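Remarks on the structure that follows.
Readers should treat all values here as calculations from the given coordinates under stated rules, not as data from a laboratory. Just so we're clear, the structure is a prediction, and the values are computed from it rather than from any experiment. Cβ: placed from backbone, ideal geometry, glycine included. Neighbour counts: every protein chain shown.
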Amino acid sequence: MAREPKTCIFCRGNGLTDEHVVPDWLKQLIPKNERTGNLFILTDHGAGRQSRQVRQGSPITRQVHFVCGRCNTGWMSTLEDELKPTLANLVLGKTITLSEWQRRRLSTWAVKTAMTSEYIHPPTVAIPFDMREHLRLHRQPHERFDVWIGFYNGKGRLLGSEHHSGEFSEPGTEPTGVPNTQATTIGLGQIFFQIAYCGVPQARFHLKNEKISKMRRIWPPTEGEMMWPPFLVLDADDITIILRGIHEAFEDK
Ligand SMILES: [Zn+2]
């Protein structure tokens, strides 16, 4: 079971620095009086039914101490700089066209954020080191990740995240007690991210809920330009239903 990391979770290097899970400038784009963190069930569910932890609070607003200075000021800050205008437009709900390149960078940023927020509660970590190393070396997620985005146009503006993890195994294999599958949901202003990783080879995490039709897949990569916002948008009820579906997927395993 993962513990509080002593070295960088992306490169195993020393010299850990403080880092915000989601940068401050991004949070400040969302007007305080419109933030509806309470639309989110702000919890962190982990490690199967036996040791399930429920933590209140909004993990993405936290500062963390498990990324080294080299990663933080190197590839992570390059990624953020490249994405700044795109992220700002998505948070503010502007009409834009997302190129294939932008969607790849956005997927990388979303998966990086999921990987970091997962470590806020180490026993719930489900993504293995080689997946983080892959992201750092290739500047994009491994193909076993799924990333969807949705446009939120309900009451208020989103600011929060939810993390679910658990162990899923192939028939005939013994459970190890270590989570290997996770789903991270992130809401920032008018952009809603769903990031999934399944540790069972040949298996994928599926969002069965019909609300998924309001989400657009951005990873594994799709081709062509994507007009944003999409025709179908999410409201507060949609988000509650999506989150309930994810919660049940981890409860029923
Ligand atoms: Zn590092």
In region 63-156, which GluC sites (Glu not before Pro) are in a loop and have at most 15 other Cβ atoms within 10 Å, using DSSP for the loop call?
143
Take peptides 22-33, 180-191 and line them up by average Cβ neighbours within 10 Å, highest first, as a rough protection proxy.
180-191, 22-33
Exposure proxy ranking, count of Cβ atoms within 10 Å, fewest first, for 10, 129:
129, 10
Note the count of lysine pairs whose C-alpha atoms are less than 20 angstrom apart in region 16-251, limited to pairs 8 or more residues apart or on different chains.
12
For residue 159, what residues show an amide H to amide H distance below 5 Å, using hydrogens built from the backbone and excluding near sequence neighbours?
36, 37, 189
Considering only 72, 117, 175, whose Cα is most displaced toward the positive end of the charge dipole of the chain, charges sitting on Cβ of Lys, Arg (+1) and Asp, Glu (-1)?
72
Once normalised by the length of region 16-251, the mean sequence separation of its alpha carbon contacts under 8 Å that are 6 or more apart gives a contact order in percent of 27 percent
Using Cβ counts within 10 Å as a stand-in for footprinting exposure, how do 247, 206 rank, fewest first?
206, 247
Rounded to the nearest 20 debye, dipole of region 16-251 from Cβ charges on Lys, Arg, Asp, Glu
460 debye
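Given the -39500 (n - 2.57) contribution per DSSP H run of 4+ residues, what per-residue ellipticity at 222 nm results for the chain, rounded to the nearest 500 deg cm²/dmol?
Calculated at 222 nm, the ellipticity per residue is -8500 deg cm²/dmol.
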In region 131-153, whose amide N lies under 15 Å from the spot 7 Å out along Cα-to-Cβ of residue 232? List them in ranges.
148-153
Run through all the Cα pairs of the chain and give the fraction in each 5 Å bin from 0, expressed as whole percent.
1, 6, 14, 19, 21, 18, 13, 6, 2, 0, 0
Most fluctuating residue given options 161, 99, 117, as computed from a GNM of the chain linking Cα atoms under 10 Å:
99
